[in-house]
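Scroll down for the structure; my scribbles are underneath it.
Where a number appears in this text, it was derived from the coordinates with a stated rule and is not lab data. What you are looking at is a predicted structure, and each value in this text was computed from that prediction instead of being measured. Positions of Cβ are backbone-derived with ideal geometry, glycine not excepted, and every protein chain shown enters the neighbour counts.
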Amino acid sequence: MLKEKIIRQDVAGILETELPWETFCGKTVLISGANGYVTAYFVHTFIALNDRKNMNMKIIALCRNEKRAKARFADYLDRKDLVLYIQDVCEPIAIEERVHFFIHGASPAGIHARHRDPVATLRKCNRM
């Protein structure tokens, strides 16, 4: 519960920042690696933009681990503005609709994985 409270407070602060939020109005955003710490904040922020500023955005969260994605975004699973795509980012992504923005955040997630194989992120991106 504390984690959720902190996320809500963080998102409220993010939305108070003067940024050109209207850029996202009516757009579709694909976020790869959406289960990650930073990328999940994009999902939370965009959902909050829809709720607070009626942005009518569609968020496509590309996640490799379905169980983790459903747990992380449990509060949003019944919403029409969030779609979970469960797959590896290195596989072809079959999305029928137009994607206006792509936030690529997929990479080996943990610090231990990066220390064991520091070039894996680069290698993974080059396969796309």
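Remarks
- Using θ = phi - 60° in the Karplus curve 6.51 cos²θ - 1.76 cosθ + 1.60, the 3J(HN,Hα) couplings for region 24-35 round to 8, 4, x, 9, 10, 10, 9, 10, 8, x, 4, 6 Hz; x is entered for Gly and Pro.
- Interchain or long-range residues, amide H under 5 Å from THR28's placed H: LYS58, HIS100, PHE101
- Cβ crowding within 10 Å ranks LEU49, LEU84 as LEU84, LEU49, fewest other Cβ atoms first.
- Estimated inter-spin distance, ASN56 and ILE86, nm [label 7 Å along Cα→Cβ]: 3.2
- In plain terms, the residue of SER107, SER32 with the fewest other Cβ atoms within 10 Å comes first and the most crowded comes last, giving SER107, SER32.
- Given LYS27/LYS80; LYS27/LYS53; LYS27/LYS67, the pairs whose alpha carbons are separated by over 20 Å: LYS27/LYS67
- Residue-wise HN-Hα couplings along region 89-104, as the Karplus relation 6.51 cos²θ - 1.76 cosθ + 1.60 with θ = phi - 60° gives them from phi, are 5, 6, 8, x, 9, 9, 10, 6, 7, 6, 9, 8, 9, 10, 9, 8 Hz; Gly and Pro carry x.
- D_trans [Stokes-Einstein, Kirkwood Rh over alpha-carbon pairs] for region 2-126, 37 °C, 0.692 mPa s, µm² s⁻¹: 214
- Note on TYR76 and GLU96: their simple-model spin labels are 2.2 nm apart, each label 7 Å out from Cα toward Cβ.
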